[in-house]
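Novice: There's a structure below that I have some questions on.
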Ligand SMILES: [Zn+2]
C-alpha cells in the first residue's frame with residue numbers, strides 16, 4: 001500500500017508507503033521533486049498527519065492548490081491514470 005499526494009490542477013504528485021522513514025521521504029522528494037511541505041514526523045504518514053493538523057491541508061508546491069491524499073494501490077487502473085500526467 002502506498003499513500004499518494006496528487007494535485008488535481010497540475011498533476012504534481014508524490015507517492016510512498018506510509019511507513020517510509022522521514023529521512024527517506026525527504027531524500028525521495030529531493031531526487032524526484034516536487035517538494036511538498038509536510039509536517040514533522042517519524043514516517044511519511046506521521047508527516048502528512050502533522051501537516052494536516054497544523055495547516056488543515058497540504059498544498060501543491062507549484063500552484064498552491066490543496067492536494068488530494070489517496071491510498072494508492074498498484075492496480076492497472078491506477079497505473080494508467082498515473083501515466084496520463
Ligand atoms: Zn499543482
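The values are calculated or read from the model by the stated rules, or taken from the named source; none is laboratory data. These figures come from a predicted structure and were not determined experimentally. Methodologically, a virtual Cβ is constructed for each residue, glycine included, from the backbone with ideal geometry; neighbour enumeration extends over all protein chains shown.
Novice: Taking the condition of being surrounded by fewer than 18 Cβ atoms within 10 Å (Cβ to Cβ) and either closer than 14 Å to residue 59 by Cβ or in contact with a helix residue (DSSP H, G or I) (Cβ under 8 Å, 6 or more places away or on another chain) (or both), how many residues in region 1-19 meet it?
Specialist: Of the residues in that region, 6 qualify.
Novice: Within region 49-80, which residues are at pLDDT below 90 and surrounded by 13 or more Cβ atoms within 10 Å (Cβ to Cβ)?
Specialist: Matches in region 49-80: 70, 72, 78.
Novice: In addition: Is there any pair with a first residue in region 11-29 that is within 15 Å of the ligand (Cβ to nearest atom) and a second that is assigned to a helix (DSSP H, G or I) whose Cβ atoms are under 7 Å apart and which are 6 or more apart or on different chains, and what are they?
Specialist: 14/29
Novice: On to the next question. Of the residues 42, 46, only one is surrounded by fewer than 15 Cβ atoms within 10 Å (Cβ to Cβ), at pLDDT 95 or above and more than 16 Å from the ligand (Cβ to nearest atom); which?
Specialist: 42
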